[in-house]
1. Exactly one condition in (1) buried (at least 20 other Cβ atoms within 10 Å of the Cβ); (2) out of contact with any Leu (no Cβ under 9 Å at 6 or more places or on another chain); (3) of a type outside the set (A, V, I, L, M, F, W, C); (4) more than 30 Å from Ala288 (Cβ to Cβ) is false for Glu49; which is it?
2. Can you report the number of residues in the range 267-291 which are buried (at least 19 other Cβ atoms within 10 Å of the Cβ) and of a type outside the set (Val, Ile, Thr)?
3. Among residues belonging to the range 142-188 that are of a type in the set (Lys, Arg) and out of contact with any Ser or Thr (no Cβ under 8 Å at 6 or more places or on another chain), point out the one that is nearest to Val131 (Cα to Cα).
4. Can you go through Val285, Val200, Val231 and tell me which one is in a helix (DSSP H, G or I) and within 26 Å of Ile77 (Cβ to Cβ)?
5. Restricting attention to the range 61-86, and to residues there that are within 13 Å of Leu320 (Cβ to Cβ) and touching a residue at least 40 places away in the same chain (Cβ under 8 Å), which single residue is farthest from the chain's Cα centre (by Cα)?
6. For the range 341-390, give me the residue count where each residue is modelled with pLDDT of 95 or more, among the charged types (D, E, K, R) and more than 15 Å from the chain's Cα centre (by Cα).
7. Could you tell me how many of the residues in the range 215-248 are on the phi < 0 side of the Ramachandran plot, touching a strand residue (DSSP E or B) at 6+ places or on another chain (Cβ under 9 Å) and of a type outside the set (S, T, N, Q)?
8. Would you tally the residues in the range 336-380 being touching a helix residue (DSSP H, G or I) at 6+ places or on another chain (Cβ under 7 Å), more than 21 Å from Tyr54 (Cα to Cα) and surrounded by fewer than 17 Cβ atoms within 10 Å (Cβ to Cβ)?
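The values are calculated or read from the model by the stated rules, or taken from the named source; none is laboratory data. Since we're looking at a predicted model, the values are computed, not measured. Don't worry about glycine lacking a Cβ; one is built from the backbone with ideal geometry, like all the others, and counts go over all protein chains shown.
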Amino acid sequence: MKSAFKAGALVLGTALAFSNPAQAADDLKIGVVLSVSGPFADYGKQIREGIDLYMAEHGDTVAGRKVKVLIRDDTGIAPQIAKRQAQELLIKDKVDILAGFDLTPNAFSAAPLATEAKVPMVVMNAATSSVTEKSPYIVRVSMTLPQGAWAMAKWAHDNKFKTAYTLVADYGPGHDAEEYFKKTFTSLGGKVVGSVRTPVMTTDYSPFLQRIKDEKPDAAFFFVPPGSSMVALMKGYRELGLDKLGIQQMGPGDMTDEASLAALGDVALGMVTAFHYSEAHDSAVNKAFTAAYAKAYPKDRPNFMSVGGYDGMHLIYQALEKTKGDASGDAFIAAVKGMKWESPRGPVQIDPDTRDIIQNEYIRKLERVNGTLQNVEFATFEAVKDPGKQ
């Protein structure tokens with residue numbers, strides 16, 4: 001495996017060495033690797049809509065260079081496919097920037113290519129803490145799971161929850177969510193009375209939820225992939241009567257993201273989550289964003305992934321303005337370190353030390369507002385860095 005990787009890296013390096021360096025007037029090519037098909041296709045759809053909305057508002061030229069976006073399908077959790085797509089974008093299409101990466105395993109697989117090619121890689125969703133540590137050319141505009149897990153545990157402690165049980169999907173983001181909820185909650189004096197990791201794509205959570213019911217904790221901290229997994233989990237939570245026992249369901253905010261709310265219906269009403277974005281966030285920037293999104297995509301609701309795509313393009317445009325069109329890896333990364341702007345989610349900054357996002361974490365409750373399910377924010381932890389790198 002190691003020799004095969006070295007051979008691939010050599011091919012990539014040789015191909016790039018003999019390509020012509022981009023001039024300021026050349027088209028700027030952004031290669032975006034997303035889940036266009038498969039079980040996570042909605043992730044890719046939301047990110048692409050955020051990208052397209054930003055370009056519709058700000059034009060397709062930046063620093064004198066015409067912007068071209070090339071979308072490639074990784075089909076879901078498929079690191080080898082994502083790696084191949086990224087490699088073809090670099091060698092065949094000669095892209096200046098890699099972007100997208102809605103899933104952690106796929107971001108991991110492409111990271112060595114970004115390092116070898118010295119090409120910027122803008123991660124628009126993949127949320128495992130260590131993603132930015134996989135290449136010095138990665139910058140992330142989305143989130144990390146430890147940010148939300150830390151805020152959720154802090155809020156739970158502050159509001160007198162003494163015991164908790166964790167249930168997470170058995171993959172990188174779930175492990176991060178579990179680790180940092182437990183670490184924070186116990187350090188503050190809380191007690192985690194049990195933990196379970198479930199198959200990523202399971203649809204039957206009843207045996208796992210029964211363990212929680214038997215323990216009767218004050219709270220249950222959940223993290224499973226949004227969509228069908230979350231729907232199955234919340235239905236099981238109600239069917240087993242955990243709500244009637246007073247066990248508060250809580251978790252990171254992607255559990256109740258806006259794209260999933262129609263499928264969830266009322267089974268998750270009352271769930272408390274910690275997250276960086278809600279469609280209901282009360283700011284002038286977000287009101288303008290949600291209005292523009294509704295006009296452009298009347299059948300969809302904006303969520304954190306569409307904001308990730310939108311903010312990813314903002315970062316790219318602002319970096320190129322600073323570098324006067326130079327998209328080379330070292331110049332680009334130097335330009336984004338410490339960058340600040342007002343996002344639809346609120347004030348954000350790129351940590352100059354980690355190249356990760358610093359942002360507010362909002363505590364929200366799922367409620368019906370004028371007949372529409374919304375994540376209603378009621379408390380804020382400001383300027384949260386990734387606890388995984390503290």
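1. Among (1) buried (at least 20 other Cβ atoms within 10 Å of the Cβ); (2) out of contact with any Leu (no Cβ under 9 Å at 6 or more places or on another chain); (3) of a type outside the set (A, V, I, L, M, F, W, C); (4) more than 30 Å from Ala288 (Cβ to Cβ), the lone unmet condition for Glu49 is (4).
2. 11
3. Step one: filter the range 142-188 for residues of a type in the set (Lys, Arg), giving 154, 160, 162, 182-183.
Filter again for out of contact with any Ser or Thr (no Cβ under 8 Å at 6 or more places or on another chain), leaving 160, 162, 183.
Working: Lys160: 33, Lys162: 32, Lys183: 20 Å.
By that ranking, first place goes to Lys183.
4. Values: Val285 fails: within 26 Å of Ile77 (Cβ to Cβ); Val200 fails: in a helix (DSSP H, G or I).
None of the others qualify; the one that does is Val231.
5. So in the range 61-86, the residues within 13 Å of Leu320 (Cβ to Cβ) come out as 61-67.
If we keep only those that are touching a residue at least 40 places away in the same chain (Cβ under 8 Å) as well, we get 62-65, 67.
On the way: Val62: 25, Ala63: 28, Gly64: 30, Arg65: 28, Val67: 24 Å.
Among them, the one singled out is Gly64.
6. Going through the range 341-390 one residue at a time, the tally reaches 9.
7. Of the range 215-248, the ones on the phi < 0 side of the Ramachandran plot are 215, 217-226, 228-240, 242-245, 247-248.
After this cut, where a residue has to be touching a strand residue (DSSP E or B) at 6+ places or on another chain (Cβ under 9 Å) as well, the list is 215, 217-225, 229-230, 233-234, 237, 242-243, 247-248.
Then keep just the ones that are of a type outside the set (S, T, N, Q); that gives 215, 217-225, 230, 233-234, 237, 242-243, 247.
Here the count works out to 17.
8. Number of matching residues: 1.
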